[in-house]
Amino acid sequence: MKKVALIFTILSLLSLSAFAQTTRRTRPRIVKTPTPVPVTAENDDAVDNTQRTAPVLINETGTQRRTDVPPPPPLPVRQEPVEDDEIIKIETNLVTLPVTVLDRNGRFISGVNQREFQVFENGVEQKIEYFASVEKPFTVVLLLDVSPSTRYKIDEIQQAAIAFINQLRPDDQVMVVSFDENYNILARPTNDRFRLTQAIQRAQFGSGTSLYDAVNTTINRELRQVSGRKAVVLFTDGVDTTSRRSNYDSTLRMVEEVDALMYPIRYDTYGGFAGGNQNPRGRQPRTGNILVDILGGIITGGNIQVGSGGPGTSSEDYAKGKQYLGELASYSGGRMFEADSIYNLDAAFRSIAEELRRQYSLGYYPETTGEKGDRKQIRVRVKRPNLVVRTKRSYIVGNNGK
């Protein structure tokens, strides 16, 4: 009986062993793929040269991915190149023009589109490549003549300059400069009206009149550093007596080379040299009678000059000064105003501020580049009746980025 029980036990053990082997052959195994752990600032000290493992998943495409690593970022989208007609080309021969469009009553005309403009250079129509009509802030240089000839006009000049800045918007910038024989910066470009008013009131008359030098310095040292819309409002009688570095013609050429408008405000101070009761250059009053003038000079110890009265005192000098201011305005595309009344000045300042803020800008690449130093004539037309276009009438090749 014991033998039978022993045999039964042995057979049972053999059956269990066979069943266990069968089970091991059919059960799937989970395989751990050794993957190096990325070294970061947090685990740099903890990671050694051994490989760590992490579970692996199989996605729909059959690619293995670790469960403890985030999926890779999507590939960057390739940007399509911008079409050429969407690029504003910046080249050295681009000619840019500030353009003002007015009706016959001098009122600014808005809403003119690019197709309505025509640009001619030396009589040949050009293709307009750049156009803008958006209102933008501007920078203005107030250039105040404080020479002896304006001695009895200085209060008017200061009041007029303050009236001008009162026409501006908060983002418009103004620079204040006075000149006699010297050039004096009273305020750098700012929109602080209190500072500007104080600067204007500090302007006091001096000696000499270096008008041409003042225009030269303003263009070459100041305006060329200013971007965007810019202009000069010049308060003067137009007569120059002491310039040494510049002259009538050289400054007009400079105006052609810079994309800024000139707005001369002309004061007539000639009365002091034609027998009037005031002599703004500090000499004795003239009566118009030479003998009386000489005797008066002897008695009073004054310095009476017979004849023309010295440089800048004759009617020819004043006529030349008026012509010069007119050409400054014409060459730049601006306008000249006569300071014959405060009412006229107030209207002029409103007009200037509106023009500067609402100009059109046109740009083109010349069909014929020309040689450096050549002068090119410009004409701009608008395809609407009864409108007046004002802009630069010429430019110099090879200067100011052209």
Problem set entry | Over 20 Å (Cα to Cα) - which of Lys136/Lys372; Lys322/Lys372; Lys230/Lys392; Lys136/Lys376; Lys153/Lys230 fall in this group | Lys136/Lys372; Lys322/Lys372; Lys136/Lys376; Lys153/Lys230
Exercise. Cβ under 14 Å from Asn184's Cβ, Asn184 left aside: what net charge do those residues give with Lys, Arg +1 and Asp, Glu -1?
Worked result: -2
For this session: Note down the nm distance, to one decimal, between modelled labels 7 Å out along Cα→Cβ at Arg188 and at Asp155.
Result: 3.4 nm
For this session: List the relative contact order of the range 170-225 as a percent without decimals, with contacts defined as Cα pairs under 8 Å and 6+ residues apart.
Result: 33 percent
Exercise. Rounded if a/c is under 1.5, else prolate if a/b is larger than b/c, else oblate: which is the range 186-259, with a ≥ b ≥ c the root eigenvalues of its Cα gyration tensor?
Worked result: oblate
Seminar exercise, completed: Lys and Arg at +1, Asp and Glu at -1: neighbours of Glu355 with Cβ under 9 Å from its Cβ sum to +3
Problem set entry | Distance (nanometres) between label positions extended 7 Å along Cα→Cβ at Gln167 and Phe120 | 3.1 nm
Exercise. Using a basic spin-label model with each label point 7 Å from the Cα along Cα→Cβ, how many nm lie between Tyr248 and Arg107?
Worked result: 3.9 nm
Problem set entry | Chain lengthening between Lys136 and Arg384 when straightened (0.36 nm per residue, less Cα-Cα) | 86.8 nm
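Values in this text are rule-based calculations from the coordinates and carry no lab data. What you see is a predicted model, and the numbers here were worked out from it, not measured in a lab. When we count neighbours, we look across all protein chains shown, and the Cβ atoms used for this are built from the backbone with ideal geometry, even at glycine.
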